[in-house]
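Notes follow the structure.
The values are calculated or read from the model by the stated rules, or taken from the named source; none is laboratory data. Predicted model, so just to flag it, every value in this text is computed and none were measured. Positions of Cβ are backbone-derived with ideal geometry, glycine not excepted, and every protein chain shown enters the neighbour counts. For accessibility, only protein heavy atoms count, side chains too; no ligands or nucleic acids. Shrake-Rupley method; radii C 1.70, N 1.55, O 1.52, S 1.80 Å.
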Amino acid sequence: MTTIASLLEKYEQRIIGQQKNLRLLLTAALAGGHVLIEGVPGTGKTQMVKTLASLLDSSFSRIQFTPDLLPSDITGSSIYNMKEHAFQTLKGPIFTNVLLADEINRTPAKTQAALLEAMEEKQVTIQGETYALPDFFFVAATQNPIEFEGTYPLPEAQQDRFFFKLKIDFPNLAEETAVLQMIIEEQRNPQELSAMFTNETLAEVQKKIKEVHISNEIADYIIKIVRKTRELEHIQYGASTRAAIAIAKTAQAWAYLDNRDYITPDDVKVVSIPSLRHRIQLSPYAELEGSDIDETIQELVGSIAVPR
């Protein structure tokens, strides 16, 4: 756990003003899931993901999603090598440990869907041949919440593949000043970020996270939260069973980061909002009344009896 604590400390030193989001990002990655990050340009989304990859000693690829991006630009393609008179497979940027899908909502659904098999099955099919992705494979997809012209909203099936949806806000005055000072200092004295984990350590941590105990009472608590999303009148579409799985897995990772081998109801409450905010849809009248989806989830979770 010393390594985890040191990693979080180093992470928070490099990315200022996003303490909870950094921990949630690490939680999802260690739990074996993927994250959708929403925030306006210039709020450090790319740096968050790239820094995490460096700290975990993981390979990193970034794909800028555009309207003309093809599925093969992500997965790779098979070409004929005239010199060797044979077909050769060129693997795409998806063959990495940490993949940043930048502005994923700017490419058509066909290309977005190229990520589905990879995110769910950790494998890619190129010209009928299946290729396995690395054991540690983490997708962080970003989208801009204020520019919708020429965009392609993610289908529900695609959003459901993400464990979390994180919202990145502007830092406060003190944090923004600290960011500027840090950038100026790095220009004077560049420092290379060293990895805090090895591949073996990462695999060991992920194994321990799967062993974090989930009691029957906690499992029942998670199911009640998810089922409640389908029962409220002001929620038009509730969450699927995949949401319950995401909450359970990320609660295990959150508890492990807190140096515990068991889940508490507070762990479930913390991960419920980022796990559900992209999986439920408010009814039209609730949106007209100005209901906030995060507040709705918080009230929903608060209405469920906490196990003792």
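Structure notes:
- Solvent-accessible area, 1.4 Å probe, carbon plus sulfur percent, for segment 57-172: 51 percent
- Relative packing of peptides 162-168, 7-13, 250-256 - highest average C-beta neighbours within 10 Å first: 250-256, 162-168, 7-13
- Packing here is the average count of other Cβ atoms within 10 Å per residue, and on that basis the peptides 239-248, 206-215, 188-197, highest first, run 239-248, 206-215, 188-197.
- Solvent exposure of the chain as accessible area per residue, Å², 1.4 Å probe: 52 Å²
- Positive-end extreme of charge dipole, the chain - chosen from 139, 214, 184 (charges on Cβ): 214
- Listed residues 257, 22, 173, most fluctuating in the chain (Gaussian network, C-alpha, under 10 Å): 173
- Straight-distance crosslink candidates among lysines, where the alpha carbon sits under 30 Å from residue 228 and sequence neighbours closer than 8 are dropped: 20, 165, 167, 210, 249, 269
- Dipole magnitude for segment 101-245: about 500 debye, using +1 per Lys or Arg Cβ and -1 per Asp or Glu Cβ, origin at the Cα centre.
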